[in-house]
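Peer 1: Just passing along the structure, written as structure tokens.
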Ligand SMILES: [Zn+2]
């Protein structure tokens, strides 16, 4: 493995840690509920971090552009018509 790959992995790990922190604070701000369906998060309905404006649509990878969604809402948002990617 070359050093560029190692640096790339470390960067990805840092972003993942950052997103975990954002998800936790979003869940807290939202009172432990999904921003979309308002269901309470549980072990069976764990929160995910969603970018309100998706990154692929030019959204910023910034805390202000995130919300906590349950995974069914996150899937529905990413794939509104049930299309295969
Ligand atoms: Zn939801």
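Peer 1: Restricting to the range 46-85, and then to whatever is part of a loop (DSSP other than H, G, I, E, B) and touching a strand residue (DSSP E or B) at 6+ places or on another chain (Cβ under 6 Å), can you tell me which residue is farthest from residue 14 (Cα to Cα)?
Peer 2: Going through the range 46-85, the residues part of a loop (DSSP other than H, G, I, E, B) turn out to be 46, 52-54, 58-62, 79-85.
Now restrict to residues that are touching a strand residue (DSSP E or B) at 6+ places or on another chain (Cβ under 6 Å): 52, 59.
On the way: 52: 21, 59: 19 Å.
The extreme case among them is 52.
Peer 1: Quick one: would you say residue 53 is more than 10 Å from the ligand (Cβ to nearest atom), at pLDDT 95 or above and crowded, with 16+ Cβ neighbours inside 10 Å? I'd like the intermediate steps shown before the answer.
Peer 2: Details: more than 10 Å from the ligand (Cβ to nearest atom): yes; at pLDDT 95 or above: yes; crowded, with 16+ Cβ neighbours inside 10 Å: no.
Taking the combined requirement at face value, the residue does not satisfy it.
Peer 1: Given the structure, is residue 62 within 12 Å of the ligand (Cβ to nearest atom) and either surrounded by 11 or more Cβ atoms within 10 Å (Cβ to Cβ) or modelled with pLDDT of 95 or more (or both)? Walk me through how you get there before you give the answer.
Peer 2: Numbers: within 12 Å of the ligand (Cβ to nearest atom): no; either surrounded by 11 or more Cβ atoms within 10 Å (Cβ to Cβ) or modelled with pLDDT of 95 or more (or both): yes.
Here the answer is no, as residue 62 does not meet what is asked.
Peer 1: So which residues in the range 16-45 are out of contact with any strand residue (DSSP E or B) (no Cβ under 7 Å at 6 or more places or on another chain), part of a loop (DSSP other than H, G, I, E, B) and more than 10 Å from the ligand (Cβ to nearest atom), if there are any at all? Show your work before the answer.
Peer 2: First, pick out the residues of the range 16-45 that are out of contact with any strand residue (DSSP E or B) (no Cβ under 7 Å at 6 or more places or on another chain): 16-18, 20-21, 24-25, 28-29, 31, 38, 42-44.
Filter again for part of a loop (DSSP other than H, G, I, E, B), leaving 31, 38, 42-44.
Those that are out of contact with any strand residue (DSSP E or B) (no Cβ under 7 Å at 6 or more places or on another chain), part of a loop (DSSP other than H, G, I, E, B) and more than 10 Å from the ligand (Cβ to nearest atom): 31, 42, 43, 44.
Yes/no per residue for (1) surrounded by 12 or more Cβ atoms within 10 Å (Cβ to Cβ); (2) over 12 Å from residue 63 (Cα atoms); (3) more than 15 Å from the chain's Cα centre (by Cα):
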site: 14; (1), (2), (3): no, yes, no
site: 25; (1), (2), (3): yes, no, no
site: 37; (1), (2), (3): yes, yes, yes
site: 41; (1), (2), (3): yes, yes, no
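The values are calculated or read from the model by the stated rules, or taken from the named source; none is laboratory data. All values derive from a computational prediction rather than experimental measurement. Virtual Cβ from ideal backbone geometry, glycine too; neighbours counted across all protein chains shown.
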